[in-house]
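What follows is one structure encoded as structure tokens, with my remarks underneath.
The values are calculated or read from the model by the stated rules, or taken from the named source; none is laboratory data. Since we're looking at a predicted model, the values are computed, not measured. All Cβ positions, glycine included, derive from the backbone under ideal geometry; neighbour counts span all protein chains shown. Calculation scope for accessible area: heavy atoms of the full protein, side chains included, ligands and nucleic acids excluded. Shrake-Rupley method; radii C 1.70, N 1.55, O 1.52, S 1.80 Å.
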Amino acid sequence: MPDTIRITGGSVGARPRRGGFRAAVAVLCFFGATAPAGADDAINPPTFDISIAALAQLGRIEITALALLLGILCFAVVTAASLVRTRRRLAASEAAAHDETIALKAEVDRVNALLRSEPQILIAWAAAADEPEIIGDPALITGADPPHRLLAFGTWLEPDKAQAMESSLAALRAQGTGFSTTLTTLAGRPIEAEGQIFGGRAILRLKQVDGVKRALAELQIRCQQQFDNSDAMRTLIAALPSPIWMRDDAGKLVFANAAYARAVDAKDGAEAVERGLELFDQAAREEFLRARETATSYRGRLPAIVAGSRRTFDVLAFPARRGSAGIGIDSTEADSMRAEIKRMIDAHRRTLDQLPTGVAIFGSNQRLNFYNAAYRSLWDLDAEFLDQGPSDSAVLDRLRADRKLPEEADFRQWKAQLQDAYRALEAKEHAWHLPNGRTLRVITTPNPEGGVTYLFHDVTRRLDLERRFEALIRVQGETLDNLAEAVAVFASDGRLRLFNPVFARMWKLDPAALAERPHIEMVIGWCQALSGDDPIWQALRSTVTAIDGRGSVTGRLQRRDGNVVDCTTVPLPDGATLVTFQDVTDTFNVERALRERNEALEDADKIKIDFVRHVSYELRSPLTNIIGFADFLADPVTGPLTERQREYLSYIQDSTNALMAIINNILDLATIDAGAMQLDLGPVDIRKTMDGAAEGVQDRLAQTGVLLNIRAVPDIGSFIADGPRVRQALFNLLVNAIDFSPGGEVVTLAAQRLKGAVVFSVTDRGPGIAADKKDKVFDRFETHSHGSRHRGTGLGLSLVRSFVQLHGGTVTLDSAVGRGTTVTCIFPLGEAGERTAA
């Protein structure tokens, strides 16, 4: 009996699994079996040697374990056999696949050869791949650019076409939607683009179009361009604000845009065509048709009614191969604007003609386009020469020949520099000093449309005024510095602007501190050290700093050193205030002395008046007795008198009556001076008052041989006044006129009623009054004989003026030497005084 047992395992028809075989080997080795070294379980069946001792040992294992071990052993044997068969089949499959791969590569080579034989490009995307596979030469499309630029459609297609390609390609890859289109590159090459799904891939084929297809593609492109151009033209025509229409050969309307429809009150152009609404009248349409028949265009200006208003259109109609087309351009606003521009230009020219500044406008051709009257007058040029539009150079040459331009050493260079204004961008200013002594300020302004505008300002007078002003300022400065008055000028902000040395000396101020322009408050504080807090300083502060109501302030300051200063402010037009201080200490002292003397004189005059009034009253009583006794003696009842006694008594009566009149006048004047004269107002009959005054001078008329003429209308009426005082005034005027009239002359007493006044006048034919004596005839105790035989007391005319003035009237005197005198008294009429005789 052998010591070992050999176990061989194999498989039939299937390749054993390498793992299961190895598991079985592991189990057998565990029990002491050994396998030949280097055995390949995939090719040769495995063989195991197990000793009998091992088997005996196995026999001692329980029957259950032995059965399990035998089962495992059988499974391992079967598995090993299956693995062998599988390996054999795999080797056969690999050989077949190798042959098939070689065949497929050959097929791919043939396909690539076919694809590359045509000028096309294939771009393929796998299902989950982002980077595509590109087959073909991209230079066919993008030139020498890198291949990845092929998918940047915007680099070789128009923007709209590039966007359409991107959208179609996105739909192809996402949804499998195929497309086919013909494109034109930016270089003008027609390209056929086709996209489809093939073999689970998205394929884009780009192929150049040649032959008939190329011609067809070009025709399609041209057709599309024509459609686009036509659409653009229709869009433009529809949007134009001018009416546009088309007509057929018979002149019937076949097209109208929106502006045409609005002009004929149609909803749109189609409605206007359907209803045959015409914008122009029949005569205009016949002219359109005649122009179409003669194959000529029509140009003209036609009226039309648009929206109820009359409009004017510039009409252009052109013949076409079939029918005609026209456009109407509304020129109503243009005509109005053109007329308005013409009016503005005319007004501009008229305005420039009124300017004192010389204006000359030269066009871009350097010829004169416009000049005003001041320019022609400035240079004294002929209008015929200027109206010819001479060149700028010709005008300058003529002015130079007339020696009206500045004397320049190099005239050509000077003229060239002046004419640089035609190429300048900004205005320039020049100063011309002419040979005749005038100075001109010349401004050259380049015009936006070309050319230059010359402005000539004669500044001779202004420069002269500036020189005079500067001289005047210097003179005024010297004058202020040498004035005896202290002068200070405060600006509107209250600061000191100007002062003279007297101001600093008068108030003992530091000129350096005043030069710093201190405020009025500070100046007043400095001055109050000498004058104290006088109320005039507050008034001065208010008038200097006030905005409105800047009145003048005057006042007098009595300083602590005994000096007296008068202060006066004068508001200046620029808002400043002039303040003057004048030292009136001497004047004040003299004035005070004169005032005291005047008060003494007034007291003396009052004493004199009181004395005269008292003496007059005292004289009046004995004089009254003398007059009474004289009248008593003159009465025949007292007894007879001799002729000599009667003559003496007559002298006594005349003298006493004259003395009584003088005393009464003195008393009246004293009463008036004392303000105690009261008028007894009442109705005064004008005619009776004149007769009463005339009756009082009858004895004088008889003695002098003077005649009296009374002139007044019978119905002159009456007025409100003090009757006795009016009669007394007329009596005094008559006495004065009779006394100064030669014998045989006529004295005239006249009265007339004017509007608002009653006027009395007394006229004599006496010697008259010299002009230098007229102002004194109404003064008291002033007597002037002027060759007359009488010399009065000088109280009559003064009393007349006082009575008339108490009534609110006036007295005037008209006299000349050798032609007599007329004294006129005017009594005003109040409402109560405007009465007439019944």
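With N as its number of residues, region 480-551 has a Cα radius of gyration that, divided by 2.2 N^0.38 Å, comes to 1.08.
Using the empirical formula 2.2 N^0.38 Å as the baseline, the Cα radius of gyration of region 181-261 reaches a ratio of 1.78.
The per residue volume of the convex hull around the alpha-carbon atoms of region 363-443 is 102 Å³. A Förster radius of 35 Å, combined with the Cβ-Cβ distance separating ASN482 from LYS773, puts the computed FRET efficiency at roughly 0.20. Stretched out fully, how many nm does the piece from ALA238 to LYS688 gain, at 0.36 nm a residue minus the Cα gap? Result: 151.1 nm gained on full extension.
Rolling a 1.4 Å probe over the protein heavy atoms gives region 389-431 an accessible area of 65 Å² per residue. Accessible surface of SER802, taken over heavy atoms with a 1.4 Å probe and every protein chain present, rounds to 20 Å². Straightening the chain between GLN703 and ARG310 buys 130.9 nm, computed as 0.36 nm per residue apart minus the Cα-Cα spacing. Charge tally for ASN369 (other residues, Cβ to Cβ under 13 Å; Lys, Arg +1; Asp, Glu -1): -1. Using a simple spin-label model with pseudo-atoms 7 Å out from Cα toward Cβ, THR177 and ASP420 lie 7.1 nm apart. Taking a Cβ cut-off of under 12 Å around ALA593, the surrounding Lys, Arg, Asp and Glu residues balance to a net charge of -1, with basic ones at +1 and acidic ones at -1. Length available on full extension from MET337 to ILE536: 0.36 nm per residue minus the Cα-Cα distance, which gives 64.8 nm. What FRET efficiency would be calculated for the residue pair VAL459, LYS606, taking the C-beta separation as r and a Förster radius of 60 Å, to the nearest 0.05? Step by step, r from the Cβ atoms, then E = 0.25.
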